[in-house]
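Worksheet: the structure to be examined is printed underneath.
The values are calculated or read from the model by the stated rules, or taken from the named source; none is laboratory data. In this text the structure is predicted, and so the values were computed from the model without any measurement. Ideal geometry is used to build each Cβ from the backbone, glycine not excepted, and the neighbour counts take in all protein chains shown. For the accessible areas, the whole protein counts, side chains as well, though only heavy atoms, and no ligand, DNA or RNA atoms are used. Shrake-Rupley method; radii C 1.70, N 1.55, O 1.52, S 1.80 Å.
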Amino acid sequence: MAIQLIVDTGCDLPQHVIDEQRIEVLPLVVHVNDEEYYDKESIQPTRLYTLMRDGAAPKTSQVPPDRMKALFEKVAESGQPAIYITLSSELSGTYQTACLVRDQLHDDGVKTNMTIIDSKSASLGYGLVAYYVARAINDGSDDMDALATYTHTLIDKIKHIFTVDDLEYLVRGGRVSKTAGFVGGLLKIKPILHMEDGKLFPLEKVRGSKKVLSRLIELIEENSNDLENQTVAISHADDLTRANELKDMIENTFKVKNVMVNTIGCAIGAHAGPGTLAVFFLNGSPGLE
């Protein structure tokens, strides 16, 4: 029986990929204007970004334990082994809670064969890791230990580079420090950030949106290897025009055959803010050795 891959909505994978690769998805929770929503279920990104532009200050919380428990029990009853790759534990408590829920089920006599892995990633960086693992599963890989090792290898290779329109969203949500030395919104300065070991760090400042795209291309070249034989992913917070412009630049510069583009979901967008643009790739081959 095929291994079941589980993710949460922090991965920002397109729905068609989720459907094609038969991935189970758990929702993170978004709190906005005194209402609670399940990401991608009871609130969609376009609605959230409209509310944020109107002044809303959303907060997020981890996948509800009862939703985890129900899915874990369903998978256990089917007899399937499962791998759950979670949003970075530096950004969410979902990884820790998933481990507790699985262990509690074991204590209650529910037999699960489940490996839980911290992606140390977010948005389509996390999504790319899940995408490659799902493809390996659907190509017939059924060795849990080998797949876990492969997942960790991908996590070590994934690169996140992104820019935000307003750094205040990340500061307010505690995702970057006010002492980081970046001033967003002044003199058209655009911060570029990256992720290391699951945490967000400012990288540099660029003046003007056009220069940001050119600098992203330079950073991709400096940090990548074997781009032609992998999928590059772009996620955006309600800015498809710039996302497609970046896609064209990547295809023309690096001869990349497959670029995945998707909107940043509510769980990540609540902290990154409207106008965020991110690119993700591996600094090496995605192959399963």
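Counting only protein heavy atoms, what percent of the accessible surface of the chain is carbon or sulfur at a 1.4 Å probe?
Accessible surface attributable to carbon and sulfur in the chain totals 45 percent.
Nearest-5 percent of antiparallel DSSP beta bridges in the range 1-139?
If I count the DSSP bridges inside the range 1-139, around 35 percent turn out antiparallel.
Calculate, in nm to one decimal, what residue 211 and residue 2 gain on full extension: separation in residues at 0.36 nm each, minus their alpha carbon distance.
Full-extension gain reported as 70.6 nm.
Per the Kirkwood treatment, what hydrodynamic radius in Å, one decimal, follows for the range 190-289 from the mean inverse distance over all distinct Cα pairs?
After inverting the pairwise mean of 1/r, the radius is 14.2 Å.
Counting each pair of different Cα atoms once, what's the Kirkwood radius of the range 121-175 in Å, rounded to one decimal?
13.0
Within the chain, what's the longest stretch lacking trypsin sites (Lys or Arg not before Pro) that sit in DSSP loops with no more than 16 other Cβ atoms inside 10 Å?
23-110
Just the accessible area per residue of the range 182-289, please: how many Å² with a 1.4 Å probe?
Details: 4760 Å² over 108 residues.
Ligands and nucleic acids excluded, the result is 44 Å² per residue.
Non-local amide H neighbours of residue 115 (under 5 Å, H modeled in plane, Pro and chain starts lacking H): which ones?
When sequence neighbours closer than 5 places are left aside, the close amide H contacts are 82, 83, 84.
Might you report the magnitude of the Cβ-based charge dipole of the chain about its Cα centre, with Lys and Arg at +1 and Asp and Glu at -1, to the nearest 20 debye?
Numbers: 29 positive and 41 negative charges, 218 e Å.
Value, rounded to 20: 1040 debye.
Can you send over the solvent-accessible area of residue 9, 1.4 Å probe, protein chains only, in Å² to the nearest 10?
The accessible area comes out at roughly 10 Å².
Sorted by accessible area (1.4 Å probe), largest first, how do 84, 95 line up?
The most accessible residue leads, giving 95, 84.
Please give the contour-minus-distance gain from residue 22 to residue 34: 0.36 nm per residue of separation, less the Cα-Cα distance, rounded to one decimal in nm.
Working: separation 12, 0.36 × 12 = 4.32 nm, distance 3.40 nm.
That works out to 0.9 nm of additional length.
So what is the calculated 222 nm ellipticity per residue for the chain, using -39500 (n - 2.57) for each DSSP H run with n of 4 or more, over all residues, to the nearest 500 deg cm²/dmol?
-12000 deg cm²/dmol
If you wrap a convex hull around the C-alpha atoms of the chain and split its volume per residue, what is the figure in Å³?
Per-residue hull volume (Cα only) is 121 Å³.
What order do 246, 51 take when sorted by accessible area (1.4 Å probe), most exposed first? Numbers along the way, then the final one.
Details: 246 0, 51 25 Å².
These residues rank, largest area first, as 51, 246.
Calculate the length of the line joining the C-alpha centroid of the range 2-53 to that of the range 234-289, in whole Å.
Rounded to whole Å, the Cα centres lie 17 Å apart.
Provide Rg and Dmax in Å for the range 88-134, with only Cα atoms included in the calculation.
Both quantities, over Cα of the range 88-134: 12.6, 36 Å.
Under 1.5 on a/c is rounded, so check that first for the range 30-161, then, if it is not, pick prolate when a/b is larger than b/c and oblate when it is not; a ≥ b ≥ c are the square roots of the alpha carbon gyration tensor eigenvalues.
Oblate, because a/c is 1.5 or more while a/b does not exceed b/c.
Work out from phi, with θ = phi - 60° and the Karplus expression 6.51 cos²θ - 1.76 cosθ + 1.60, the ³J(HN,Hα) of each residue of the range 256-267, listed in order in whole Hz, and give x for Gly and Pro.
6, 8, 9, 10, 8, 10, 8, 6, 5, x, 5, 5
Tell me, rounded to the nearest percent, the portion of alpha carbon pairs in the range 1-71 spaced more than 15 Å apart.
The share of Cα pairs beyond 15 Å in the range 1-71 comes to 58 percent.
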